[in-house]
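As structure tokens, the structure follows; a few thoughts come after it.
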Amino acid sequence: KAGVTQTPRYLIKTRGQQVTLSCSPISGHRSVSWYQQTPGQGLQFLFEYFSETQRNKGNFPGRFSGRQFSNSRSEMNVSTLELGDSALYLCASSWDRGLGTDTQYFGPGTRLTVL
Amino acid sequence: GNSVTQMEGPVTLSEEAFLTINCTYTATGYPSLFWYVQYPGEGLQLLLKATKADDKGSNKGFEATYRKETTSFHLEKGSVQVSDSAVYFCALSKIQGAQKLVFGQGTRLTINP
């Protein structure tokens, strides 16, 4: 079974631009979560989508948004990019039984560099 | 709020040494606990998990026991290999009805031959 895939793997943008990252979950997984990884802040939860609805959101500004499609694929968007948005963005998917005990499987990440 | 504290790194060991990476957590109730590993240039891979007190997760020679009395989930391996060099993350999942992991800061492990 194919794992979680993320595209693109690398992105270089300039301040003020916007960017869209894509995530395809493992087949059959209904929940998709996004995380930001930086050397200073570590791994931080951005948001989670389930059945095309945002179910939980982390403490990030409104410039960070996402959506989920009917096939469970998800995209996240960052508008008005800032230098501090440079990070590895990780997507994770899980079956979701609503118990918080399901394993999340991670993709390889998208490395975003903002110049 | 929920939080995870990991042993400060980096950790450098010789091959075949015994490994312990400490992890403690703060959470109300009964979280599920995880260890993930990240190799250079890659995403996170699940190493092991435990979902209730006294459970022991194990995989690839690594073990961790969910200790509710000490709110800990320390990672151990009896004999490390060079290929175990990576960054290890302890995490908890608490929220019912949502999938959200809270991670520790990560511990970089280097194994020398």
Pairs, first closer than 27 Å to A:GLY28 by Cα and away from chain B (no Cβ under 14 Å) in the range A:1-17, second surrounded by 14 or more Cβ atoms within 10 Å (Cβ to Cβ) and at pLDDT below 95, C-beta under 6 Å, six or more apart: none
Leading residue by the ranking (surrounded by the fewest Cβ atoms within 10 Å (Cβ to Cβ)) among those in the range B:23-69 that are at pLDDT below 95 and β-branched (Val, Ile, Thr): B:THR28
Residues (within 16 Å of B:PHE103 (Cα to Cα), assigned to a strand (DSSP E or B) and either within 14 Å of chain A (Cβ to nearest Cβ) or small (Gly, Ala, Ser) (or both)) located in the range B:1-22: B:SER3, B:VAL4, B:THR5, B:GLN6
Any hit, the range A:51-64, residues being hydroxyl-bearing (Ser, Thr, Tyr), in contact with a strand residue (DSSP E or B) (Cβ under 6 Å, 6 or more places away or on another chain) and in a strand (DSSP E or B): no
Which listed residue, of A:PHE50, A:PHE69, A:PHE64, is more than 14 Å from chain B (Cβ to nearest Cβ) and farther than 30 Å from B:PRO40 by Cβ: A:PHE69
Considering residues of the range B:56-74 that are in a loop (DSSP other than H, G, I, E, B) and more than 15 Å from B:THR20 (Cβ to Cβ) only, the residue nearest to the other protein chains (Cβ to nearest Cβ): B:TYR66
Residue list for the range B:23-55, filter: among the hydroxyl-bearing types (Ser, Thr, Tyr), farther than 11 Å from B:GLY106 by Cβ and assigned to a strand (DSSP E or B): B:THR24, B:TYR25, B:THR26, B:SER32
Selection count, the range A:64-83, where residues are surrounded by 18 or more Cβ atoms within 10 Å (Cβ to Cβ) and at positive phi: 1
Test: residue in the range A:86-95 that is surrounded by 15 or more Cβ atoms within 10 Å (Cβ to Cβ), more than 10 Å from every other protein chain (Cβ to nearest Cβ) and part of a loop (DSSP other than H, G, I, E, B): yes
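The values are calculated or read from the model by the stated rules, or taken from the named source; none is laboratory data. Treat the numbers as computed from the prediction; the structure is a model and nothing was measured. Note that each Cβ is placed from the backbone with ideal geometry, even for glycine, and that neighbours are counted across all protein chains shown.
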